[in-house]
């Protein structure tokens, strides 16, 4: 094990574990652990492949999708484009974003389907913003987590509406990242929960504490995941922002897993989008539990896992053909 900054790790955990939002996030993670464990035990990272993506005007693709399937949002999107509230960079950009203060959006000019996916994703974030004043937007844990799920559901639904077979293949290749992000985020969540529990038990974490945990759990997958991931997790906590990364990892895992779940509900009944619009409008005023109950009144982690696993298998098969 490399030399790790245990002193800073202990200071960060000590500072954050009494934070109300962190406590709530940890409770959510523990509620979802059975679901996370099923994914961790049954899904491995899909190997990345080198591929070229067909050149395409992503903005036009996104606008066509909104006009045909989400007219409720189309006019506002067109207004934002006309008023330069959607900024399309004149260069390639992997990441996109929706400004939490102004609601403005920036996407790259990659000249392919990823631009459409990014624009659709960020637009659905824009549509669940609630201005407090012109300098600040309200945010809640429900919006942070299920807002991500709704944005990803919109991306996945867009992919299903594509008619061009080459574009469909390109979207499948990009979808590998969704699957791998969910699996990787779950691993990191499990390790951070171990670190937090060890700190609470012993008052500090050091190499010996972690070695003892791994030794005591060497015969199960839990010990192996800590052994494999702990260096990376600790380095991320101490060197990138100096804070726990569990909120970010929870956002990615819930966004992707429940994005697939929402997409399955849309497939069964496209009118379900009306319910999603309602949820999108309410995210800033309801709790995580309320949002979960809204979309899954009889929460069934096995059902949600099965939907994720079905998509995982489909993408894995499509890439290996």
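Bear in mind these aren't lab numbers, they're just calculated from the coordinates by the rules spelled out. Just so it is clear, the model here is predicted, and its values are computed rather than measured. When we count neighbours, we look across all protein chains shown, and the Cβ atoms used for this are built from the backbone with ideal geometry, even at glycine.
Extent of segment 192-296 along its three principal axes (Cα atoms, max minus min coordinate, largest first): 55, 30, 23 Å.
Normalised by the number of residues in segment 58-140, the mean separation of alpha-carbon contacts (under 8 Å, six or more apart) gives a relative contact order of 28 percent. The simple Förster model, with R0 at 30 Å and r as the Cβ-Cβ distance, assigns residue 23 and residue 95 a FRET efficiency of 0.55. Helices in the chain, meaning DSSP H runs of at least 4 residues, each add -39500 (n - 2.57). Divided by all residues, the mean residue ellipticity at 222 nm is -23000 deg cm²/dmol.
Hey, with R₀ at 22 Å, roughly what FRET efficiency would residue 11 and residue 184 work out to, going by the Cβ-Cβ distance, to 0.05? Spell out each step's value before the answer.
Details: r = 26 Å, r/R0 = 1.17.
Approximately 0.30, to the nearest 0.05.
Using Cβ counts within 10 Å as a stand-in for footprinting exposure, how do 317, 31, 245 rank, fewest first?
Working: 317 9, 31 14, 245 17.
Sorted ascending by nearby Cβ count, the order is 317, 31, 245.
Among 147-153, 258-264, 65-71, 192-198, sorting by the average number of other beta carbon atoms lying within 10 angstrom of each residue, highest first, gives 147-153, 258-264, 192-198, 65-71.
Available extension along the chain between residue 215 and residue 293 is 24.1 nm, counting 0.36 nm per residue and deducting the alpha carbon span.
Stick to Cα atoms and the Kirkwood definition of Rh, then tell me Rg/Rh for segment 50-89. Display every interim value, and only then the final one.
Values: Rg = 12.4 Å, Rh = 11.4 Å.
Rg/Rh: 1.09.
Shape class of segment 58-140 from the Cα gyration tensor (axes a ≥ b ≥ c, square roots of the eigenvalues): oblate, since a/c reaches 1.5 or more and a/b does not exceed b/c.
Taking the square roots of 5 times each eigenvalue of the Cα gyration tensor of the chain, largest first, gives ellipsoid semi-axes of 34, 23, 20 Å. The angle separating the long axis of helix 58-69 from the principal Cα axis of greatest extent in the chain is about 80 degrees. Between the Cα long axis of helix 141-161 and the first principal axis of the chain there is an angle of about 50°, rounded to the nearest 10. By DSSP, the beta bridges lying fully in the chain are antiparallel in about 65 percent of cases.
Need one number: % antiparallel among DSSP beta bridges in segment 58-140, to the nearest 5. Approximately 60 percent, going by the DSSP bridge assignments. The mean sequence separation of alpha-carbon pairs under 8 Å and at least six residues apart, normalised by the residue count of the chain, gives a relative contact order of 26 percent.
Using the Cα atoms of segment 1-91 to build a convex hull, what is its mean projected area in square nanometres? Please list the in-between numbers first.
Values: hull surface 51.7 nm².
Mean projected area of the Cα convex hull: 12.9 nm².
Helix 301-320 and the longest principal axis of the Cα set of the chain meet at an angle near 70°. Comparing 110, 269, 236 in a Gaussian network model of the chain, where Cα atoms under 10 Å apart are tied by springs, the biggest mean-square fluctuation is seen for 269. At a Förster distance of 41 Å, what's the computed FRET efficiency of residue 55 paired with residue 197, Cβ-Cβ distance as r, to 0.05? With R0 = 41 Å, the Cβ-Cβ based efficiency is 0.25.
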